[in-house]
Amino acid sequence: MEIPLPVALAVLGAALLHAGWNAFLKSGADKQLDAIGLAAGSGAVALCVAPFVGLPASASWPWLTASAVVHIAYFRLLAGAYRWGDLSFSYPIMRGGGPLIVTVAGVAVFGEVLPWAETAGVALISAGILAFATHRSPDPVALRKSLAFALGNACVIAAYTLIDAKGARVSGAPVAYAMWFFVANGIVMFALGCLQRGVDAPRHILRRWRLTFVGGACAVLAYATALWAMTLAPVALVAVLRETSVVFAAALGALFLREPFTARRAGATLVVLAGLVALRV
């Protein structure tokens, strides 16, 4: 039960894109408005593509709806995590916990029992990802809040990964499923944003429309690639490969957000690489 090399490389590319749009979200001054803008931008990008890929099979529509609802929690928790913690702390915890949950739940949901080598690879990569987490703030309240938001989002990420893997597999068209998910999610998030922040939401999107569009395009391409991969390989392997985005996020944080790339993170990167070797990537 291995992941084909071309699929693995595509997922690693998606991981880089995923890290990119998270760095964009962390760089903004208002995390809630940026999260709303990112969802709206993703929806706009997907709406441009959706007419050319058709509709997914009707059997996938309940899963698509469930995913859009769960993603509301995801974006709210994401904004909270980045409000109280650094990208280098919140992102590894959110992304490292999800694959472990997916690996266990995938046995029940998909009947996918990984061989020992792949299981070891998942464990090594997840451990390496979690080891990236460092908190620079001396404020214990900020630490507790960022940790709570990040751990909550790890559970949400596992939930939507399983939901979307199931939906993509029954859709018959994973790219179409992804596009219509982003359209639905963009509409819902924009509507909620307007209810919560009024005219500030559309004004913010218009003011940062270039970054919103680019971030949205990265999010759409990254997730569509992951869903496509989940129709060709075990969900747990795709999920953990996608979370190597933490390595890319640490590099982006060091380059653009002045977050240090320490010896600890170098060691964590080596653990992630050992996990990739175990997965035969």
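Derivation of every value follows stated rules applied to the coordinates shown; laboratory data play no part. This is a predicted model, so every value here is computed, not measured. Because the Cβ atoms are built from the backbone with ideal geometry, glycine has one as well, and the counts that use them run over all protein chains shown.
Annotations
- Cα gyration tensor shape for the range 149-192, rounded if a/c is under 1.5, else prolate or oblate: oblate
- Evaluated at q = 0.10, 0.12, 0.13, 0.20 Å⁻¹, the base-10 log of the normalised Debye intensity for the range 94-203, with identical point scatterers placed on the Cα atoms, takes the values -0.46, -0.65, -0.74, -1.13.
- Simple label model, 7 Å out from Cα along Cβ direction - Leu270 to Leu5, nm: 2.6 nm
- Tensor-based shape of the range 169-277 (alpha-carbon gyration tensor, a/c under 1.5 rounded, otherwise prolate or oblate): oblate
- Selection among Ala131, His71, Gly85 by position relative to the dipole of the range 66-166 gives Gly85 as farthest towards the positive end (Cβ unit charges, Cα centre).
- The chain, dipole about Cα centre (Lys/Arg Cβ +1, Asp/Glu Cβ -1), debye to the nearest 20: 640 debye
- Rounded FRET efficiency, nearest 0.05, which uses the C-beta distance separating Phe256 from Val113 and R0 of 41 Å: 0.50
- In order along the range 39-54, the phi-based Karplus estimate (6.51 cos²θ - 1.76 cosθ + 1.60, θ = phi - 60°) of 3J(HN,Hα) comes to 5, 5, x, 4, x, 5, 5, 5, 5, 5, 8, 3, x, 8, 10, x Hz; Gly and Pro are listed as x.
- Length released on extending from Trp209 to Ala59, taking residue separation times 0.36 nm less the Cα-Cα span: 50.5 nm
- Kirkwood-type radius of the range 149-229, with distances r between different C-alpha atoms, in Å: 14.2 Å
- Shown in residue order for the range 173-184 are the 3J(HN,Hα) couplings computed by the Karplus curve 6.51 cos²θ - 1.76 cosθ + 1.60 at θ = phi - 60°: 7, x, 5, 4, 4, 4, 4, 6, 4, 5, 4, 5 Hz (x for Gly and Pro).
- Label-point gap, in nm, between Cys48 and Arg83 - each point 7 angstrom along Cα→Cβ: 3.1 nm
- Cα-based shape type of the chain, given that a ≥ b ≥ c are square roots of the gyration tensor eigenvalues and the cut on a/c is 1.5: oblate
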